[in-house]
Amino acid sequence: QGQLAESGGGLVQAGGSLRLSCTGSASFFSISDIGWYRQAPENQREMVASITMDGNTYEPDSVKGRFTVSRDNAKNTAYLEMSDLKPEDTSVYFCNAKLPSWWPGQKAYWGQGTLVTVSS
């Protein structure tokens with residue numbers, strides 16, 4: 001509990017932009033792979049971006065060119081920059097940290113989520 005926290009969600013008009021932040025514990029953030037997920041009512045949870053410990057990034061075709069993931073280990077924070085937002089992007093966005101097998105604690109941590117609402 002409380003090991004990851006998202007912020008930056010809010011209400012934005014279609015075509016606008018938002019920057020989400022995910023801040024984690026210094027004890028594990030720098031050795032974790034970070035994933036951004038979203039889940040809207042009645043929908044499956046889907047990954048919208050990820051960044052590995054060593055900085056390799058991934059964005060699926062559904063958001064590619066609009067969403068950009070990055071991280072700043074000095075701040076124990078990952079970011080999801082979203083632009084050209086569409087109403088279908090409306091969802092609760094979650095941050096996930098995946099730890100290596102040798103990590104003594106739990107192998108994944110989840111934040112509580114931050115709500116992004118895109119109006120038409």
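Put Tyr37, Tyr58 in order of accessible area, largest first, 1.4 Å probe: what do you get?
Putting Tyr37, Tyr58 in descending order of accessible area: Tyr58, Tyr37.
Just to confirm my numbers, what's the Cα centroid distance between the range 1-19 and the range 76-120 in Å?
With the range 1-19 and the range 76-120 each reduced to a Cα centre, they are spaced 9 Å.
Solvent-accessible area per residue for the chain at a 1.4 Å probe radius, Å²?
Values: 6450 Å² over 120 residues.
Normalised by residue count, the accessible surface of the chain is 54 Å².
Heavy-atom accessible area of Asp54 with all protein chains present, probe 1.4 Å, nearest 10 Å²?
The accessible area comes out at roughly 120 Å².
I need the shape label for the range 1-49. Rule: rounded when a/c is under 1.5, else prolate if a/b > b/c, else oblate, with a, b, c from the alpha carbon gyration tensor.
The shape class here is prolate.
Only Cα pairs under 8 Å and at least 6 apart count here; give the relative contact order of the chain as a rounded whole percent. Can you show the working numbers first?
On the way: 294 pairs, mean separation 43.0, N = 120.
For the chain, the relative contact order is 36 percent.
Please state, to two decimals, what the Cα-based radius of gyration of the chain comes to when divided by 2.2 N^0.38 Å (N = residues).
After normalising by residue count via 2.2 N^0.38 Å, the value is 1.02.
The values are calculated or read from the model by the stated rules, or taken from the named source; none is laboratory data. Just so we're clear, the structure is a prediction, and the values are computed from it rather than from any experiment. Ligands, DNA and RNA are stripped out before the accessible areas are found, and what is left, the full protein with its side chains, is counted by its heavy atoms. Shrake-Rupley method; radii C 1.70, N 1.55, O 1.52, S 1.80 Å.
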